[in-house]
Amino acid sequence: MPIPAKAFQRWLHGIAPNTSTSDICRVSGIKRTTLAQQLVRGKVAETTVVSISRAYSVNPVSALAAFDAYSQLTDTRPPSRSELVSQISTPDLLRAVLARSAADPGGVPAAAAPAGSSVLEPAPHATSVKNWVEAIDDGELRHRVSAATGIAPQNYSAQLTANRLAPELAVATSLAAGVAPASGLVATGLVTEAEAGWPPGARQAALDSLSDAELTTLAGDRLQTLGRALRRQEHDHEKTEKIWENLG
């Protein structure tokens, strides 16, 4: 839900008093025309608030929490282990499987791959939004989000398939699942792990805590999902080629 322009201007005056719009746009990397258009429409994008917050050393999550639509972000509870694991990319999971599988002839884990020795790709990743929702879904989550926000279930699913989720839907999903409100903003890439208050190394610690069976099963599930997606892409590509062939 975009921020009302009047509320945004009050907030902006608080963090950058007596600063021209040109200077604000210059330091935050926002085009003047973009900000002007948002102000004229009376709705300022959350990404604008985040960019300006970072430029003036203000925590973006705290900045968003200053607005009524995002007041729930004052809840700074830590993410669950399942949420943390959902934000680990499939390649990183596969590397972890291979690292644990590296063993000497006697079956002793290789000393060259101690727990936590790898560097994880930063969140978000290619399926971070969908993985996050699946990690916190009790089977009825999508229906609760639909009832709370009015979004049609098929439209919500379409956003997940595209690995995106509007900020207000991300927060609504967190609230409906009873998890940290800022977690969805990390999954969508609006804010970073650190900005959301995730402890340093939390994802790696969650990965290290998985048993070999849990890790292998999770990696296998991710590969199956990737395989289905690739098959759909190949099928769509074939259909497109046939259409062009029929058109001559």
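The values are calculated or read from the model by the stated rules, or taken from the named source; none is laboratory data. Computed from a prediction, not measured in an experiment: that's the story for all the values here. Cβ: placed from backbone, ideal geometry, glycine included. Neighbour counts: every protein chain shown. What goes into the accessible areas is simple: the full protein's heavy atoms, side chains included, and nothing from ligands, DNA or RNA. Shrake-Rupley method; radii C 1.70, N 1.55, O 1.52, S 1.80 Å.
Inside the stretch 164-220, residues that are part of a helix (DSSP H, G or I) and more than 13 Å from the chain's Cα centre (by Cα) make up a count of 21. Scanning the stretch 24-35 for residues that are more than 29 Å from Ile151 (Cβ to Cβ), surrounded by 12 or more Cβ atoms within 10 Å (Cβ to Cβ) and either without any contact (Cβ under 8 Å) to a residue 12 or more places away in the chain or within 26 Å of the chain's Cα centre (by Cα) (or both) yields Cys25, Arg26, Val27, Ser28, Arg32. The C-beta contact set for the stretch 200-218 (first residue of a type in the set (D, E, K, R), second residue surrounded by 13 or more Cβ atoms within 10 Å (Cβ to Cβ) and not in a helix (DSSP H, G or I), distance under 7 angstrom, 6+ apart or interchain) comprises Arg203/Gln87; Arg203/Ile88; Arg203/Leu120; Asp208/Ala115. Report yes if some residue within the stretch 9-19 is of a type in the set (S, T, N, Q), open to solvent by 50 Å² or more (accessible area, probe 1.4 Å) and modelled with pLDDT under 95; otherwise report no. Checked the stretch 9-19: at least one residue is of a type in the set (S, T, N, Q), open to solvent by 50 Å² or more (accessible area, probe 1.4 Å) and modelled with pLDDT under 95. Tell me which residues, restricted to the stretch 5-49, are in contact with a Ser or Thr (Cβ under 7 Å, 6 or more places away or on another chain) and under 22 Å from Glu195 (Cα atoms). Scanning the stretch 5-49 gives Ser28, Gly29, Ile30.
Restricting the stretch 37-77 to residues that are in a loop (DSSP other than H, G, I, E, B) and modelled with pLDDT of 95 or more, the residue that is least open to solvent (accessible area, probe 1.4 Å) is Phe67.
Selection of the stretch 221-248 for residues being over 27 Å from the mean Cα position of the chain (by Cα) and open to solvent by less than 80 Å² (accessible area, probe 1.4 Å) yields only Thr240.
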